[in-house]
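Read the structure below first, then the notes.
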């Protein structure tokens with residue numbers, strides 16, 4: 001493993017990550033504090049700073065080739081997302097520096113069809129807090 005990666009959108013889906021990043025290691029649930037989940041203008045998730053808010057997701061351990069695959073998937077080269085480092089807290093209470101993909105245009109928008117359904121299902125699968133799952137459901141069409 002070369003880096004921690006915090007997934008808050010469709011990359012929380014275990015099967016999707018297994019196909020996309022064959023060496024990704026599930027490390028558990030984590031939280032990014034002082035940020036809020038948002039659907040951007042392009043119809044996909046991002047995080048934006050917001051004092052007192054929290055984004056829950058999954059922490060993955062990635063190899064270099066997994067990170068490279070995510071860079072392609074997230075459109076880093078095309079300027080759709082940029083890579084950022086944020087500190088997330090694990091369920092065990094440990095702080096970890098993690099890679100987070102942040103949309104370059106966080107202007108609020110509506111989710112593309114089927115996207116939020118995957119995220120809500122993944123939030124259920126991983127047992128994210130009920131209040132947070134309700135927040136995610138608020139983005140359903």
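Structural remarks
- Considering (1) out of contact with any helix residue (DSSP H, G or I) (no Cβ under 8 Å at 6 or more places or on another chain); (2) over 17 Å from residue 126 (Cβ atoms); (3) at pLDDT 95 or above, the lone condition that residue 29 does not fulfil carries the number (2).
- Every test in (1) surrounded by 16 or more Cβ atoms within 10 Å (Cβ to Cβ); (2) assigned to a helix (DSSP H, G or I); (3) in contact (Cβ under 8 Å) with a residue 40 or more places away in the chain is passed by residue 99 save one, and that test is (2).
Residues checked against (1) over 19 Å from residue 108 (Cβ atoms); (2) in contact with a helix residue (DSSP H, G or I) (Cβ under 7 Å, 6 or more places away or on another chain); (3) modelled with pLDDT of 95 or more:
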residue	(1), (2), (3)
46	no, no, yes
54	no, no, yes
57	yes, yes, yes
69	yes, yes, yes
78	yes, no, yes
85	yes, no, yes
88	yes, no, yes
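- Any hit, the range 13-36, residues being over 23 Å from residue 117 (Cα atoms), in a helix (DSSP H, G or I) and over 13 Å from the mean Cα position of the chain (by Cα): no
- Looking at 68, 84, just one residue is part of a helix (DSSP H, G or I) and more than 18 Å from residue 134 (Cα to Cα), and that residue is 68.
- Any hit, the range 41-53, residues being at positive phi and in contact (Cβ under 8 Å) with a residue 40 or more places away in the chain: yes
- Total residues in the range 102-132 satisfying the condition of being surrounded by 13 or more Cβ atoms within 10 Å (Cβ to Cβ), in contact with a strand residue (DSSP E or B) (Cβ under 9 Å, 6 or more places away or on another chain) and not in a loop (DSSP other than H, G, I, E, B): the figure is 8.
- Selection status of residue 53, over 13 Å from the mean Cα position of the chain (by Cα) and part of a strand (DSSP E or B): yes
The values are calculated or read from the model by the stated rules, or taken from the named source; none is laboratory data. No experiment lies behind these values; they were computed from the predicted model shown. Backbone-built Cβ (ideal geometry, glycine too); neighbour counts: all protein chains shown.
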